[in-house]
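Encoded as structure tokens, the structure appears first; notes follow it.
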Amino acid sequence: MMWPIVLFGLLVASLAGWIYTALRMRRRTRALERSKEEIQVEETLVFDFLHGLGEAFTETIRATDLHRLIVEGATRILDANGGALYLADRTATKIQPSYLSKGCPPLVEVPPHILEQAAATPVALESYIRLHNVAVGEGLLGRVWQTGQPVCLNELSQAPELAKLGESSLGAASIMVSSLLYGKQNMGVLAIANGPAGAPFSQSDFVVFKSIAEQSAFALYNAIIYSEASEKKRLDHDLDIARDIQRTLLPAEPPSVNGFEISGINAPAHQVGGDYFDYIKVDDERLGVAIADVSGKGVPASLIMAICRSVLRSQAVQNSSPADVLQKVNRQLYPDIKEDMFISMAYVILDHAHNGAVTLARAGHDAPLLYRRETETVESIKPPGLVLGIDSGSVFDRLTNNFNVSLARGDCLILYTDGVTEALDNNGDEFGIERTIKAVRASAMNGAQAVVTRLIDDVRDFVGSNSQNDDITLIVIRKT
């Protein structure tokens, strides 16, 4: 009778063991399914985060959207209460809050009076945090930015400025902070935090966070590159427009003048320049020819050039004295020109109706060259004169006088800016006045245009592959 009882007991024990094992396997299966679901959710969050960062490699994402994506993506992936992104300012001496998520505990020291205000007006704390910039080495954020070393703190002894709030509902209990490094660029810091009610961050969380910070730094760097490229493209477009406008201010072709042959050219070193030349109808019997060089380069010089052109044209009409015109131009320009800027100019009036007289006034400009056909010689004409814009008129008017230039048939008057004589070759040597004179003597017999062509060709051959560093302007007046 014992064997049936023993067998029955074994059967019951086996059945109980099978049921226990089945229940245990079911619990494990459910746990694995939950773990799989959690992993899938985390994978989805990470994929969405990386996909969003991928937009930083296009020109479609705005900086504010990228900053929000980085912070909110990090907080979602690591299930944090909140996060913050601080980026370096233009001086690279401070980092400033670029995005702070809702629920992010203060990550900077908060003065007691702000906390008192926040008790009654919560917005006072938010305003303070959003307006507070962090200096290098200041607090936890400043130290991480300075050292470039990420930290994970589950107790705040290393951040005493934050420990004061650690026990309150406002404070952080667990923090991860990483600098945003890409190459030699340290663009700021990314931080996420949990309050006292949140779980402390684990080492695996810290590994994931550092990876997020690394990818975020890469995305931010590329966003900066795209932004700079877009800004350069916009500026280049604006400069192209400015260049086209400036070209309309310069004469397209020389006038036809009885008794004279005239040719001129302007070759700016950059999109816009400070050189200027012009042909102005003084009256029915006279033509004004002007050449000028504004100190400096680029947009500032081009703006002064445009102002100078306007003033010169307003004073030149019906005034047969070049010196008087320059004196009036100087008095009008002087109050509006900065101390470190000036304009050199030479102004010539051609009397093409009567005796073919040529009158010159020089305001500190490079000495014009005079080619004599009879002797095939070239000489510099150096009447005194002060540059425009550095004297109100007392000295300028005394120095600037009319100078009569006697031109015989075939003689040439050459006006030029220092971009011709100071052009540099690959060895840093200047083209110089001697080479300029040589080019004039070799071509003057063939007319004004031949002189311009020969000089420009000689300068370009001399410069070679070296980039042009100054505007080149040249006018040749030949008596026919």
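Among the residues in the range 194-201, are any buried (at least 16 other Cβ atoms within 10 Å of the Cβ), in contact (Cβ under 8 Å) with a residue 24 or more places away in the chain and touching a strand residue (DSSP E or B) at 6+ places or on another chain (Cβ under 6 Å)? Looking for residues that are buried (at least 16 other Cβ atoms within 10 Å of the Cβ), in contact (Cβ under 8 Å) with a residue 24 or more places away in the chain and touching a strand residue (DSSP E or B) at 6+ places or on another chain (Cβ under 6 Å), one finds at least one in the range 194-201, hence yes. Do the conditions hold for A119, that is, is it touching a residue at least 40 places away in the same chain (Cβ under 8 Å) and among the small types (G, A, S)? Against the criterion (touching a residue at least 40 places away in the same chain (Cβ under 8 Å) and among the small types (G, A, S)), A119 does not qualify. Remark: pairs (first residue in the range 443-456, under 21 Å from S256 (Cβ atoms); second residue among the aromatic types (F, W, Y); Cβ separation under 7 Å; 6+ apart in sequence or on different chains) = A444/Y371. Look at (1) modelled with pLDDT under 95; (2) on the phi < 0 side of the Ramachandran plot and you find that R362 fails only one, number (1).
For the range 424-460, a residue qualifies if it is open to solvent by 60 Å² or more (accessible area, probe 1.4 Å), in contact with a strand residue (DSSP E or B) (Cβ under 7 Å, 6 or more places away or on another chain) and not basic (K, R), and the qualifying residues are E430, Q449. Pairs are defined by a Cβ separation below 8 Å, a sequence spacing of at least 6 or placement on different chains, a first member in the range 220-234 that is in contact (Cβ under 8 Å) with a residue 60 or more places away in the chain, and a second member that is outside any helix (DSSP H, G or I) and open to solvent by 80 Å² or more (accessible area, probe 1.4 Å); the pairs so defined are L220/Y182; Y226/E59; S230/E59. All of T147, T121 fail the test of being on the phi < 0 side of the Ramachandran plot, open to solvent by 80 Å² or more (accessible area, probe 1.4 Å), of a type in the set (V, I, T) and out of contact with any Phe, Trp or Tyr (no Cβ under 9 Å at 6 or more places or on another chain), apart from T147.
K184 passes every criterion in (1) open to solvent by less than 70 Å² (accessible area, probe 1.4 Å); (2) closer than 22 Å to R90 by Cα apart from (1). Do the conditions hold for L78, that is, is it in contact (Cβ under 8 Å) with a residue 40 or more places away in the chain and either buried (at least 21 other Cβ atoms within 10 Å of the Cβ) or closer than 19 Å to N194 by Cβ (or both)? When the stated conditions are applied, L78 passes them.
The values are calculated or read from the model by the stated rules, or taken from the named source; none is laboratory data. Computed from a prediction, not measured in an experiment: that's the story for all the values here. FYI the Cβ positions are ideal-geometry reconstructions off the backbone, even for glycines, and counts take in every protein chain you see. When the accessible area is computed, the model is the full protein with side chains, heavy atoms only, and any ligands, DNA or RNA have been set aside. Shrake-Rupley method; radii C 1.70, N 1.55, O 1.52, S 1.80 Å.
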